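Accompanying notes for the structure given below.
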Amino acid sequence: MMSNSAQSHTNSHSDEQMNSSKTTQETRRSPVSDESNHTDEVLELCDLQKHYGTETVVDHLSLSVNSGEILTLLGPSGCGNYPDELSGGQQQRVALARSLAPEPDILLLDEPFSNLDVDLRVAMREEVRRILKEAGVTAISVTHDQEEALSISDRVAVMSDGHIEQVGKPEAVFQHPESRFVASFLGYASFIPGYVSGDVVQTEVGTVPREQIHGLISGTTADEYADTQINEYGCGEVVARRYLGPTFLYEVELETGESVQCMHNHDEDIPESGVVDIEINADHELAWFPREQRPDETDERYPRGI
């Protein structure tokens, strides 16, 4: 399957205080033969598990954290002496100061900005990142906010069902997702069936140069598609529209019954319903996933689908 994790193109046609703590011990460190290779690691987790009754929330998690790094675990879910009289932002600053005062080896942040309004949340996460970097503090943050994780972290570990799906630099995880879950969780992703036909990938909404598909396997032939007509665009019916400020997000249902999400400038005249032409308009590499990752693996329309 191919994921356009950025944009497609349509043509008209209380204040809970920061839960932070410190730890001075490594947790379940696995034995290593050469400690000199791990001098920058301050925490290493090996096969960590956590259960609440019969519910498994962490399943064999292994992860290391380097000195001075901010690592985020991302998953789908005034003034004047008393703390409860302070504003949300001031409470966060006080909580951070209290946490940094003992000079902890590692600072743990659990949903640190969840009780703040949008504008303050953005300002606080930038300020917290700056303070942590200036102090040289290693931090592990847990959040359900994708934008927060991508903006504050040196590395992001995306979790699903107790497993780490992918870990890496924020830009690498966002631009090159390794699974359908990661692609869909980190943005407005659309998944379009397609197959390799020579130097292009043929989809229901047009073609994409094969070289634009990141990591696409080579060696696929197109003999059985020799008589297939290649269209530069497709068509579909607008079934929903959401206003996002600078853009509208359209949901377009294709003739096959599949739906894709398309972004379009808010000041251009696109109908709220009806049939429109649709084409892929991406200025970046797209991700692909093998057919077996499709929700419906029995779909025979694309025997060599991506």
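The values are calculated or read from the model by the stated rules, or taken from the named source; none is laboratory data. Owing to the predicted nature of the structure, the values given are computational and were not obtained by experimental measurement. Backbone-built Cβ (ideal geometry, glycine too); neighbour counts: all protein chains shown. Just so you know, the surface numbers come from the protein's heavy atoms only, side chains and all, with ligands and any DNA or RNA stripped out. Shrake-Rupley method; radii C 1.70, N 1.55, O 1.52, S 1.80 Å.
Quick notes
- Pairs where the first residue, in the stretch 46-68, is in a loop (DSSP other than H, G, I, E, B) and the second is open to solvent by 60 Å² or more (accessible area, probe 1.4 Å), C-beta under 8 Å, 6+ apart: Ser67/Asp40; Gly68/Lys133
- Residue match in the stretch 171-180 (condition: among the polar types (S, T, N, Q), open to solvent by less than 20 Å² (accessible area, probe 1.4 Å) and at pLDDT 90 or above): no
- Of residues in the stretch 112-126 being in a loop (DSSP other than H, G, I, E, B), touching an Asp or Glu at 6+ places or on another chain (Cβ under 8 Å) and open to solvent by 20 Å² or more (accessible area, probe 1.4 Å), the one nearest to Asp47 (Cα to Cα): Ser114
- If the condition is being under 23 Å from Asn66 (Cβ atoms), at pLDDT 85 or above and either of a type in the set (Asp, Glu) or within 22 Å of the chain's Cα centre (by Cα) (or both), then the stretch 112-137 contributes Arg125, Glu126, Glu127, Val128, Arg129, Glu134.
- No other residue among Arg210, Arg241 is at pLDDT 85 or above and open to solvent by less than 70 Å² (accessible area, probe 1.4 Å) apart from Arg210.
- Residues being loosely packed, with under 11 Cβ neighbours inside 10 Å and within 27 Å of Glu171 (Cα to Cα) - total across the stretch 266-286: 1
- Tally of residues being part of a loop (DSSP other than H, G, I, E, B), within 12 Å of Glu204 (Cα to Cα) and open to solvent by less than 60 Å² (accessible area, probe 1.4 Å) across the stretch 244-265: 2
- Pairs linking a residue in the stretch 96-119 that is over 14 Å from Ile131 (Cβ atoms) to a residue that is open to solvent by 50 Å² or more (accessible area, probe 1.4 Å) and not in a loop (DSSP other than H, G, I, E, B), with Cβ atoms under 6 Å and 6 or more positions apart or on different chains, are Leu108/Ser21; Asp110/Asn19; Asp110/Val142.
- Some residue of the stretch 151-159 being open to solvent by 50 Å² or more (accessible area, probe 1.4 Å), of a type outside the set (D, E, K, R) and farther than 12 Å from Leu74 by Cβ: no
- Pairing residues of the stretch 128-154 that are at positive phi with residues that are open to solvent by 10 Å² or more (accessible area, probe 1.4 Å), at Cβ distances under 6 Å and at least 6 apart in sequence or on separate chains, gives Gly136/Gly68.
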